[in-house]
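The values are calculated or read from the model by the stated rules, or taken from the named source; none is laboratory data. Fair warning: this is a prediction, and the values are worked out from it, not measured in the lab. No Cβ is skipped: glycine too gets one built from the backbone with ideal geometry, and neighbour counts run over all protein chains shown.
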Amino acid sequence: YGNAGGAVMALFAVLLAWGVSRRIEGPEREIAEGIRKGQFIAYYQPVIDISNGNLLGCEALVRWRKADGTIISPAGFIALAEKSGQIYDITRSVMKRGREDLERVYEGRPELKLSFNLIAGHFASFDVINDVSTVFADSRIRMNQLVFEVTEREELPNIARARVVIARLQELGAQVALDDVGTGHGGLSYLLKLGVDQMKIDKMFVDAIGTDRYSTAIIDSLVRLASEMSMDLVAEGVETQEQVEYLRAKGVRAAQGYIFAPPLPAKAYAALAEAMCPLKQRGQASDAA
Ligand code: C2E
Ligand code: MG
Ligand code: MG
Ligand code: MG
């Protein structure tokens, strides 16, 4: 009878493992197929200078475009892709897309920036330096037009290493931004240690403008900190004119949000950039293509 109990337990364990693996492998396999078929594309959300209305550039935001045309947002796959490690392939796809989609319009418009989101894991090895160099070395988008964002939400596993990866990206000419500032565990000393060029104020604080004194006090202190440390500030998730006016009055220069534009398909963003920014120099012959 004892043996039978053991056999039942073993069978139960096998069935449990099978069930779990099926649940994990299904979507993971689908993501792998999506990567192979080039289904991970980027949308581009404009970043606006609210002191004068100029376009400063954009943030590339990944989208999964399924074979039937359905567009899936990052919330639907990023967490799983991080767990499986597929996020690194996806990130490379997004960078390549960024280059292909925007190099024609970014050439001759050196003031325009292009931001990419990275995860904490990217700052634990030097692979990302290779990826960036490989994708952008001979590109008509210059390294100094690139910004790499790291979210404050996730803890960096190795701060000292992250600091070196950030410094390498900066040596290539790129800037590094701390994303979702105010949501993390980070704190001030964290920021100082990382040596980033830019901070992005999380939407949560922008939402609270005019309603919550505590949150607006945080914006005020970020403005002071950014100016002390000569870092750029970008406000995220700006949706109302009241928010724009508050931020402008506080001296925040850059903002992105639905009040200006949602993340746009490549063609729409490229057309916007062409319309908003005069060419600084003549492009190459390939511009005619
Ligand atoms: P994030 O980097 O903080 O990007 C801002 C998010 O806020 C985007 O959501 C954007 O569409 C949304 N947003 C912008 N303005 C507004 C607004 O006015 N109102 C509202 N309600 N939302 C606004 P999205 O595209 O769904 O991306 C969500 C998150 O997924 C990003 O947050 C980022 O953490 C992550 N993500 C996106 N693309 C990538 C990527 O290529 N790689 C990695 N590792 N993460 C990515
Ligand atoms: Mg971001
Ligand atoms: Mg953010
Ligand atoms: Mg953002």
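Note on segment 216-251: residues that are part of a loop (DSSP other than H, G, I, E, B) and either modelled with pLDDT under 95 or closer than 20 Å to Gly195 by Cα (or both) amount to 5. Quick one: would you say Gln256 is within 16 Å of ligand 4 (Cβ to nearest atom) and more than 22 Å from the chain's Cα centre (by Cα)? In short, no.
Keeping to segment 140-153, report how many residues are within 16 Å of ligand 4 (Cβ to nearest atom) and more than 13 Å from the chain's Cα centre (by Cα). Going through segment 140-153 one residue at a time, the tally reaches 0.
The set of residues in segment 99-131 that are within 19 Å of Ala275 (Cα to Cα) and under 14 Å from the mean Cα position of the chain (by Cα) comprises Lys113, Leu114.
Based on this model, can you work out whether Ile159 counts as closer than 16 Å to Ile119 by Cα, more than 16 Å from ligand 4 (Cβ to nearest atom), surrounded by 15 or more Cβ atoms within 10 Å (Cβ to Cβ) and aliphatic (A, V, I, L, M)? No: the conditions fail for Ile159. What number of residues in segment 34-73 are away from ligand 1 (no atom under 15 Å from the Cβ), of a type in the set (Lys, Arg) and touching a helix residue (DSSP H, G or I) at 6+ places or on another chain (Cβ under 9 Å)? Summing the residues that are away from ligand 1 (no atom under 15 Å from the Cβ), of a type in the set (Lys, Arg) and touching a helix residue (DSSP H, G or I) at 6+ places or on another chain (Cβ under 9 Å) in segment 34-73 gives 1. Residues of segment 176-212 that are modelled with pLDDT under 85 and assigned to a helix (DSSP H, G or I): Leu188, Ser189, Tyr190, Leu191, Leu192, Lys193. Among the residues of this structure, Val223 does not count as one that is crowded, with 16+ Cβ neighbours inside 10 Å and within 16 Å of ligand 1 (Cβ to nearest atom).
Restricting segment 186-241 to residues that are of a type in the set (Ser, Thr, Tyr) and more than 22 Å from the chain's Cα centre (by Cα) leaves a set whose member that is farthest from Gln170 (Cα to Cα) is Thr211. Give the residues of segment 165-179 that are touching a residue at least 24 places away in the same chain (Cβ under 8 Å) and either surrounded by fewer than 20 Cβ atoms within 10 Å (Cβ to Cβ) or among the basic types (Lys, Arg) (or both), sorted by residue number. Matches in segment 165-179: Ala167, Arg168, Gln170, Leu172, Gly173. Among residues of segment 33-44 that are within 8 Å of Leu61 (Cα to Cα) and at pLDDT 95 or above, those with a Cβ under 9 angstrom from a residue that is more than 16 Å from ligand 3 (Cβ to nearest atom) and hydroxyl-bearing (Ser, Thr, Tyr), sequence gap 6+ or separate chain, pair up as Ala42/Ser93; Tyr43/Tyr269; Tyr44/Tyr269.
When you check Gly237 against the structure, is it touching a residue at least 12 places away in the same chain (Cβ under 8 Å), in contact with a Lys or Arg (Cβ under 7 Å, 6 or more places away or on another chain) and within 16 Å of ligand 1 (Cβ to nearest atom), yes or no? For Gly237, the condition - touching a residue at least 12 places away in the same chain (Cβ under 8 Å), in contact with a Lys or Arg (Cβ under 7 Å, 6 or more places away or on another chain) and within 16 Å of ligand 1 (Cβ to nearest atom) - is met. Within segment 180-206, residues that are farther than 13 Å from Glu149 by Cα and touching a residue at least 12 places away in the same chain (Cβ under 8 Å) have Cβ atoms under 7 Å from residues that are part of a helix (DSSP H, G or I) and within 16 Å of ligand 3 (Cβ to nearest atom) in these pairs: Gly182/Met204; Gly182/Phe205; Gly182/Ile218; Thr183/Met204; Phe205/Ser215; Phe205/Ile218; Phe205/Ile219; Val206/Gln243, counting only partners at least 6 apart in sequence or on another chain. Among the residues of segment 99-152, count how many are of a type in the set (Ser, Thr, Tyr), buried (at least 17 other Cβ atoms within 10 Å of the Cβ) and either outside any strand (DSSP E or B) or touching a Pro at 6+ places or on another chain (Cβ under 8 Å) (or both). Of the residues in segment 99-152, 2 are of a type in the set (Ser, Thr, Tyr), buried (at least 17 other Cβ atoms within 10 Å of the Cβ) and either outside any strand (DSSP E or B) or touching a Pro at 6+ places or on another chain (Cβ under 8 Å) (or both).
In segment 154-196, the residue that is nearest to Leu222 (Cα to Cα) out of those that are more than 16 Å from ligand 1 (Cβ to nearest atom) and touching a Ser or Thr at 6+ places or on another chain (Cβ under 9 Å) is Arg161.
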